[in-house]
Amino acid sequence: MIRVAAVDDHPFFLEGISAYFARQSPDIHLVATAKDVNALLHGEGGVDGAGAGPGVAPVSVVLLDLRLNDGSDIADNVRRLRATGARVLVFTGEHRPALVRRALDAGALGLVLKEDPQDRLAEAIRTVETGEIFVSSRLANLIVTDPRGRVRLSARQLQVLELIARGLPYEDIALILHIGEETVHTHRKRAVKAYGDGLDGGTGELIYRAVADGHIDIGPDLPQQAGP
């Protein structure tokens, strides 16, 4: 029996997956679900941590959605789950390569897209439970291997790009981040350089790519003022 937990804030979707396992994959048992990693690790998802209570077999594989509404960091979520001894399998409808790459670089062992057939998820769970890597489909493989996912932007560059994307003038960005206006320009230029020859240097294209690739999201609220 492979004991599986899932971190996903769409419980009705997970109910269908659990029912499929019961009918078609009796060797896989979805023993716990939680809306975020904190809830799973604190036992709110039905287990004491991603392991289990005393005398109960630990969870072998955790399915992790990348679209959570708690503001958590993807790489940190993967590392925390791996620290319990569980394998992490990304199970998501997210197609943006930078987000997927962040999870894989943190130690997730594979990617299954929610639109893939359910038997592919079962196959993936069996594979990653052994420590092997699994990618569910041609589309999933394109996402995993997309070179845009390997673009590396610093935390400060991401802050600057997010504020530019919200339409703030450079002077205001400098005040919010407690840096000089020229430093804001420097971070923008370095972000352009990180994309290599893929950009012509225009700020509009840079912001479009950063959003489309998953490096930044444009939320409703401005960040708190940040130190250097």
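The values are calculated or read from the model by the stated rules, or taken from the named source; none is laboratory data. This structure is a prediction, so every number in the text was calculated from the model and none was measured. Virtual Cβ from ideal backbone geometry, glycine too; neighbours counted across all protein chains shown. We work out accessible area using only protein heavy atoms, side chains counted, and drop any ligands, DNA or RNA first. Shrake-Rupley method; radii C 1.70, N 1.55, O 1.52, S 1.80 Å.
Can you confirm whether Glu205 is more than 26 Å from the chain's Cα centre (by Cα), assigned to a helix (DSSP H, G or I), more than 24 Å from Leu68 (Cα to Cα) and charged (D, E, K, R)?
Answer is no for this residue.
For the stretch 77-88, how many residues meet the condition of being surrounded by fewer than 17 Cβ atoms within 10 Å (Cβ to Cβ) and touching a residue at least 24 places away in the same chain (Cβ under 8 Å)?
2
Looking at (1) outside any loop (DSSP other than H, G, I, E, B); (2) at pLDDT below 95, can you tell me which one Val56 breaks?
So Val56 meets the others, but not (1).
Select from the stretch 150-197 the residues that are surrounded by fewer than 19 Cβ atoms within 10 Å (Cβ to Cβ) and acidic (Asp, Glu) and list them in ascending order.
Glu171, Asp172, Glu181, Glu182, Asp197
Looking at the stretch 173-185 only, could you name the residues that are under 11 Å from Arg156 (Cα atoms) and touching a Gly at 6+ places or on another chain (Cβ under 9 Å)?
Leu177
Could you say whether any residue in the stretch 96-112 is more than 14 Å from the chain's Cα centre (by Cα) and either open to solvent by 30 Å² or more (accessible area, probe 1.4 Å) or in contact (Cβ under 8 Å) with a residue 40 or more places away in the chain (or both)?
no
Report yes if Leu104 is more than 26 Å from Ala210 (Cβ to Cβ) and either modelled with pLDDT of 95 or more or not in a loop (DSSP other than H, G, I, E, B) (or both), otherwise no.
For Leu104, the condition - more than 26 Å from Ala210 (Cβ to Cβ) and either modelled with pLDDT of 95 or more or not in a loop (DSSP other than H, G, I, E, B) (or both) - is not met.
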